[in-house]
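Reading through the structure tokens given below for one structure.
The values are calculated or read from the model by the stated rules, or taken from the named source; none is laboratory data. Computed from a predicted structure; not experimentally measured. Cβ: placed from backbone, ideal geometry, glycine included. Neighbour counts: every protein chain shown. Protein only, heavy atoms only, side chains kept; ligands, DNA and RNA dropped before computing areas. Shrake-Rupley method; radii C 1.70, N 1.55, O 1.52, S 1.80 Å.
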Amino acid sequence: MGPLLNDRPVSPAATRLALLNDWQRDFPLTASPFAHIATALGTREEAVLHEFASLHGEGSVSRIGAVWGAGAGGAAMLCAFAVPAARLKAVAALVSAETGVNHNYEREHDWNLWFVVTGRDRAAVDATVDRLQACTGLKALRLRMQRAYRIDLGFELHRDAVPAVARAAAIRVEPVAAADRRLAALVEAGLPLVAQPYDVWAQALGQTRDALLATLARWQREGTVRRFGVIVRHHELGISHNAMTVFDVPDEVVDALGTALARERGITLCYRRERAAGWPYNLYCMVHGRDRGTVLGLVAQAITGAGLTAYDHAVLFSARRFKQQGARYFREDAREAAHAVA
């Protein structure tokens, strides 16, 4: 028997889809958020908690937490190696072993191993890349973000749907204040799956629940948090194809074109990055989908719609995922925060 809605059974599959799809953003900032969701779905709080625990256990949900705005925490950099095919698996393992690496993918290009390095500051990120260069003997592309036009990466999970147009262009925000870094570490780790999870955080931090919720609400208003909600693992949910498309656009028009590209249907990420020797591209976007043809169609539509047909570009499909996890900008604060929660 499934949960009840007006005394009628609700399909477990429908409940599961709603939990995954409808709460990726605007997660309730209330004393009992899971009870709030249960009321909205016409089910029970215990059923919601049980289903979220199941989704986490099977890997469909990585956590309930935040996607940070650009500049909110530490530093990050996209990098790439051109790895001989015979060495790819071994080099990928070395890259994935670095705690500061949160994404590590093989892509269809001569530059075939792409990874994101995060750290407390720019020096820490550079040190990680230096270390990887030394142990692999390879030279990395270092592609720092200059401006974000869309950072969200929410997924529309209804079978035939694609991400909506961007709500607004992303902006760089002020870093999280030192006094709030322990809360940020908890947010990165994920909301506890208990009836009153914000109370757990508040007790660990020695503050009131109302003060903590006010900080989370302010972060969302100011863009420090781009979204707060369910962070799904798209591969596990059937969205297994993605392409990073890169463009060589004159610097004087890149912001206008980047803003236009971010508004196109199907774009999940869009940003400007530094060029590098041997790599002329400065505008990037991501498209995710359930099959290669859908992704290629969305890329083509976006290029036309944003006025980018005249510019050189390359489409780099993901071929293999070696590592994928949330960015951990506040991992140096995490031990203290985790100890307090325990």
Check: C-alpha center the range 9-65 vs C-alpha center the range 241-284, spacing in Å is 35 Å
From most to least accessible, 1.4 Å probe, no ligand or DNA/RNA atoms counted, Val67, Val295 line up as Val67, Val295
Output for the range 1-139 (equivalent-ellipsoid semi-axes, sqrt of 5λ from the C-alpha gyration tensor, Å, descending) is 43, 18, 11
For the range 211-288, listing trypsin sites (Lys or Arg not before Pro) in a DSSP loop whose Cβ sees at most 15 other Cβ atoms within 10 Å gives Arg265, Arg275
Taking only protein heavy atoms and a 1.4 Å probe, the highest-to-lowest accessible-area order of Trp111, Trp219 is Trp111, Trp219
Both in Å, the radius of gyration and Dmax of the C-alpha trace of the range 51-131 are 15.1, 44
Between the modelled labels at Leu296 and Glu174 (7 Å from Cα along Cα→Cβ) the distance in nm is 4.9 nm
For Ser60, Ser32, the accessible-area ranking with a 1.4 Å probe, largest leading, is Ser32, Ser60
Low-density loop trypsin sites (Lys or Arg not before Pro), the range 17-109, at most 16 other Cβ within 10 Å, DSSP non-H/G/I/E/B, are Arg25, Arg44
Non-local residues with an amide H under 5 Å from the amide H of Tyr149, with H modelled 1.01 Å from N and Pro and chain starts lacking one, are Ala170, Cys270, Tyr271, Arg272
With every protein chain in place, the accessible area of Asp312 for a 1.4 Å probe, in Å² rounded to the nearest 10, comes to 90 Å²
Counting only protein heavy atoms and leaving out ligands, DNA and RNA, the solvent-accessible surface of Ile231 at a 1.4 Å probe, in Å² to the nearest 10, equals 20 Å²
Checking Leu269, Leu17, Leu316 against a Gaussian network model of the chain (alpha-carbon springs below 10 Å), the top fluctuating residue turns out to be Leu17
Across the alpha-carbon set of the range 184-268, Rg over Rh with Rh taken as the Kirkwood radius works out to 1.12
Which of Ala243, Ala179, Ala189 fluctuates most in a GNM of the chain (C-alpha springs under 10 Å)? That residue is Ala179
Residues whose modelled amide H sits under 5 Å from the amide H of Val83, counting only those 5 or more places away in sequence or on another chain, are Asn112, Leu113
A convex hull over the alpha carbons of the range 170-314 yields, per residue, a volume in Å³ of 152 Å³
Expressed as a whole-number percentage, the relative contact order of the chain with C-alpha contacts under 8 angstrom and at least six residues apart is 25 percent
For Thr224 the rounded accessible area (nearest 10 Å², probe 1.4 Å, non-protein molecules ignored) is 10 Å²
Checked against the structure, the computed Kirkwood radius over Cα pairs in Å among [x] 22.4; [y] 28.2; [z] 21.2 is the one labelled [z]
